[in-house]
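Inspection log for the structure reproduced underneath, given as structure tokens.
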């Protein structure tokens, strides 16, 4: 059930889920409310008056009884229970005058979901269980156990060819399993990799276990590993779990992992760590559903090229050295148990194929998930991260590239940067006159730092408020306690020490902003170079699809305002979420889609940006907020014009 | 160079190899010479006079100078150097009279070799080495290492499909191998198992190693394991080696091995032992040719069903229990190293498929070797041993069975029985009047015991001389120191203690003879039952092919005279030798022949003899020498008639 909230005096209206936090709703609506402590309820700044409707709220310690009776609440402590009309008090200037501010013209816009485009898929997984009753042997008919079994299942297997079988595990157990089960067994079969290849018996279980057929989809991210347990009979998602990639202690990005892998024992250690993380996921989802890990019949995984190499124990050394050659791009079907994964010895783990050293299986899985390779719509597919991956094309051809954006989007290279976890500032507004902040953190605790989406939010607001200029430099003319000179040059105090969880001022510095500018500049230059290479411009695109966790949380308007995304029709933007996990999940369910993955990866051609002069010139031009060429960003051009008018008036 | 030897006064003539031992030549020719010590030169009985030609001889201690000057030599110490005319002295009776004996009508006849029928095969093995030069990567062309390699070999592989590859070994090494080798490598490829299956890269070696392509053919016998090292480029046999199967300490026959395998750790121990034996062979042949075991690119093996199970570590338990069901009959292609075989980790070991619990891959390999499945000639294929295996049929159909003959042919269940090794009596003649023996041992040492072919020789001679009757009972009327009553009833002294290596009398007893009669009876009843089942008799057969080491050494005439082989035209008999090893060798050389093996095993239908009433009645009738029905053995019927006449005359 969704609720509508109208904020006065701006008349900004937003529709949110039942129970949504009121401060977060205001932030999404682009409505500024003083909020210094991230939503923790301690600064007591975010007072609003509920004019109509109901909220549930706690922590009234900052409110007088009189205020409370009048309907005043701390927005950060209020949970929306009905449609609301909320009055936001105007800021009071030092001289006691209410500071009227212009209503915001924009609010947080998320890209549209791709649900409809992903479409339906079949529940017809790459593994099948079949219950067979076998004639017990006699002197007249004493063909061997294996041949009896093959005879019993023949004519009924996937492609009507005699299946092969796993040796030695299946074969060594077979005589005992058949007799213990009184010749009634369930055969677990794996479809041939290609259409012509025979199916393969990978396990024989006593009795009828056809009701228990589970699969695991895994996205192996450099930072986070996520898994989904699927019921492969129904296609239903049973449980999900995510965990930090256990390799993270050896470096935050793929380059530092490659460097670590070159130490003695390093490769093995990295492999062990990611396997341990996968086991943690298996343990968690199996415990939740009260099933045994050995009931999982197939594991479908996707990860970037380095993660894929490390999982399989293949040395990624040459990925890092020009000309950036991975050991392979099509990864072999592997026995999960042989890697140390907690699974039945016969269970296979499949990894999505990669395209190149820096365009991995996660990207192929994403492209595959939303069927970009089957659509005639020209699509720009973007995965924003430390390594930004970009694919352009449609069903006829696709071209991809990767650009090294640096770690700013993940909170790296930013003084108070952090990953998107509890206490990270994820949303920021600035009062255009008082320059005071409205900060909202993940989980609404006191702020600990700034995550990627928060950084975009902060820089975009500072830019639009004129606190920083297009080069990302602070306007030294503004006299405000929060704008000061720090160790790294000018900085803006997002949270005073008393309002922060870490007991010190949390600031954003000019150096932080420079890093973000470089990161977004690399992404934008990547789009331009790739589009140029195929003779297209942004206007030729029918869709822009954002993937990655970042894609889901990004505020479209703000991302455009800093020049991270192109300034085109907002309706062209879609977000896919974790395309890598979704691709793995679909391939787990539907073997026909699964088999397509070869097509997908073969349709995509890689282009190297390293030493590409076109890229370098685009990049230099993009080291501006949003860009040196404002004609590319008409929305911002208009805003700057407005700002200039305001200054002048 | 062969030499012709004429023995006087019989005028028996034989052609033998240059350097052949004169006593052995006489034995083959059926010429009786006193010889009590097996050919060791100590009894001094085997004096002969060289009338024409040259011999080389040593140990003249038993000869007077006068004798020597007249050309008298010990036959056992004489090596034939030219065509000879040799006078054999007649035996002297107690009263000093020369005992004229009738010349022998038969001499040792070996079955003919099958060389012509086996035909030529191609040298086109299931593995191939290909030297490829790969374009080094550049920024313009940085496809992954594996794809570069595939691209370089594409269009040239066996079946023109993209090969698959070994994971993880090949893949993990690939980036380093390619760079260390400066992008010039040799690819070892394995042909797809079936015609449609893609070839598989199993190893990549730096530089050009195409000149080094070796294969190993192995026959895994219950008693002996034999191996042949082949140059797969030329098809040449480079080295051979045989060794006792290391499992032999746990039982002489397959049944005792199965029993041992059921002990804790027994299966693993038996697997280890046979693997150790194979390693011993690999070590020996590689040392001889100064190559590394890792240069062997393929191993092709054949063994009976129990040996095959044990090698692969598959429990043979149910093979022993009615209804005698093996775990499988088509054995999977296995990595040799995974079994513990000393080989490159990627090298595959292939086992010939079995037909049933007691008709194994050794028989299929034999049938395959001489292309029985392609000939229209009706063939009876016999492998004589503890377990006798019999196949009848031609290219249109084949039927097989196994009969448990017991260990008599291997020297088991015989008081002084032993395997065919140094000191075993392998040939025996008896003087028809003096009843003194002529014994020839393997390596012509003093006798240690009796091997299978010796036993047949002895029983046949005793029978034809009337020393034993058709029931195998001694003729108590003969008064001779060598014929006496011992612990196990009557016995014949083959060698007195002074002439034996073991320092005690070596005898053959009635119990020994009973065991042989049961063994040959089981074989003969097997032929009859199988032929009856397909509506045939012996006269319908175009060929009788003998396999096994035993087959090569068997004296055809004597085997017929005891009823082990049917009394048909001697020209129909062929011997294949070690058909199992030959089949493995051919399959190693020629992948087209290799691929046929499926056809072969599918053409052969198994028939169980256990509890078969037809078999039981044939068996009872065959417990006679040669048979209760003498019309089946006209040669012996005539000999008995002759003997009776002699007695009467």
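The values are calculated or read from the model by the stated rules, or taken from the named source; none is laboratory data. Worth saying up front: this structure is predicted, and the values here are computed from it rather than measured. Positions of Cβ are generated from backbone atoms using ideal geometry, with glycine treated the same way; all protein chains shown enter the neighbour counts.
Within the range A:338-346, is even one residue surrounded by 24 or more Cβ atoms within 10 Å (Cβ to Cβ), more than 30 Å from residue A:520 (Cβ to Cβ), modelled with pLDDT under 95 and assigned by TED's automatic domain parsing to the domain that holds residue A:287? Yes, the range A:338-346 contains at least one residue that is surrounded by 24 or more Cβ atoms within 10 Å (Cβ to Cβ), more than 30 Å from residue A:520 (Cβ to Cβ), modelled with pLDDT under 95 and assigned by TED's automatic domain parsing to the domain that holds residue A:287.
This table checks each residue for (1) more than 23 Å from residue A:582 (Cα to Cα); (2) within 21 Å of the chain's Cα centre (by Cα).
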position	(1), (2)
A:212	no, no
A:215	no, no
A:218	no, yes
A:224	no, yes
A:235	no, no
A:243	no, yes
A:263	yes, no
A:269	yes, no
A:280	no, yes
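Conditions tested, residue by residue: (1) surrounded by fewer than 17 Cβ atoms within 10 Å (Cβ to Cβ); (2) in a strand (DSSP E or B).
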position: B:192; (1), (2): no, no
position: B:203; (1), (2): no, yes
position: B:212; (1), (2): no, no
position: B:216; (1), (2): no, yes
position: B:222; (1), (2): no, no
position: B:226; (1), (2): no, yes
position: B:230; (1), (2): no, yes
position: B:237; (1), (2): yes, yes
position: B:241; (1), (2): no, yes
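Residues that are under 18 Å from residue B:33 (Cα atoms) and either loosely packed, with under 12 Cβ neighbours inside 10 Å or in contact with a helix residue (DSSP H, G or I) (Cβ under 7 Å, 6 or more places away or on another chain) (or both) within the range B:60-78 comprise B:60, B:75, B:76, B:78, listed in sequence order. Counting only residues that are modelled with pLDDT of 70 or more and in contact with a helix residue (DSSP H, G or I) (Cβ under 9 Å, 6 or more places away or on another chain), the range B:79-103 holds 5 of them.
Residue count for the range B:196-241, restricted to those that are touching a helix residue (DSSP H, G or I) at 6+ places or on another chain (Cβ under 7 Å), more than 30 Å from residue B:305 (Cβ to Cβ) and within 14 Å of another protein chain (Cβ to nearest Cβ): 2. Scanning the range A:252-263 turns up at least one residue that is in the same structural domain as residue A:312 (by TED's automatic domain parsing), surrounded by fewer than 17 Cβ atoms within 10 Å (Cβ to Cβ) and without any contact (Cβ under 8 Å) to a residue 12 or more places away in the chain. Here residue B:408 does not fit the description of being closer than 22 Å to residue B:45 by Cα and under 17 Å from the mean Cα position of the chain (by Cα).
Selection of the range A:146-165 for residues being at pLDDT 80 or above and within 16 Å of residue B:602 (Cα to Cα) yields A:146, A:147, A:148, A:150, A:151. Going by what's in this entry, would residue B:384 be described as surrounded by 19 or more Cβ atoms within 10 Å (Cβ to Cβ) and touching a residue at least 24 places away in the same chain (Cβ under 8 Å)? Answer is yes for this residue. Within the range A:498-509, the residues that satisfy the criterion of being out of contact with any helix residue (DSSP H, G or I) (no Cβ under 6 Å at 6 or more places or on another chain) and at pLDDT below 95 are A:498, A:499, A:500, A:501, A:502. Checking A:290, A:325 one by one, the residue that is away from chain B (no Cβ under 12 Å) and over 19 Å from residue A:599 (Cα atoms) is A:290 and no other. Do you know which residues across the range B:331-348 are part of a loop (DSSP other than H, G, I, E, B) and either within 7 Å of chain A (Cβ to nearest Cβ) or out of contact with any helix residue (DSSP H, G or I) (no Cβ under 8 Å at 6 or more places or on another chain) (or both)? Selection gives B:332, B:333.
Considering only residues in the range A:475-490 that are without any contact (Cβ under 8 Å) to a residue 40 or more places away in the chain and either under 33 Å from the mean Cα position of the chain (by Cα) or in a strand (DSSP E or B) (or both), the one that is surrounded by the fewest Cβ atoms within 10 Å (Cβ to Cβ) turns out to be A:485. At least 1 residues being within 14 Å of another protein chain (Cβ to nearest Cβ) and crowded, with 19+ Cβ neighbours inside 10 Å is the threshold, and among the strands (runs of 3 or more DSSP E) wholly inside the range A:507-616 those reaching it are A:604-606. Within the range A:160-189, the only residue that satisfies the criterion of being assigned to a loop (DSSP other than H, G, I, E, B), farther than 17 Å from residue A:135 by Cβ and more than 14 Å from every other protein chain (Cβ to nearest Cβ) is A:160. I need the full set of residues from the range B:17-72 which are without any contact (Cβ under 8 Å) to a residue 60 or more places away in the chain and assigned to a helix (DSSP H, G or I), in order please. The answer is B:25, B:65, B:66, B:67, B:68, B:69.
Please determine, by comparing only the residues of the range B:295-312 that are part of a helix (DSSP H, G or I) and touching a residue at least 60 places away in the same chain (Cβ under 8 Å), which one is nearest to residue B:124 (Cα to Cα).
In the first step, residues of the range B:295-312 are kept if they are part of a helix (DSSP H, G or I); the result is B:295, B:305-312.
Next, only the ones that are touching a residue at least 60 places away in the same chain (Cβ under 8 Å) stay: B:295, B:306-308, B:310-311.
Working: B:295: 18, B:306: 30, B:307: 28, B:308: 26, B:310: 30, B:311: 27 Å.
The residue in question is B:295.
For residue A:351, are the conditions met, namely being over 23 Å from the mean Cα position of the chain (by Cα), within 21 Å of residue A:584 (Cβ to Cβ), in contact (Cβ under 8 Å) with a residue 40 or more places away in the chain and within 14 Å of chain B (Cβ to nearest Cβ)?
no
Hey, can you tell me all the residues within the range A:110-140 that are at the interface with chain B (Cβ under 9 Å from one of its Cβ atoms) and either in contact with a helix residue (DSSP H, G or I) (Cβ under 8 Å, 6 or more places away or on another chain) or at pLDDT below 90 (or both)? Within the range A:110-140, A:137, A:139, A:140 qualify.
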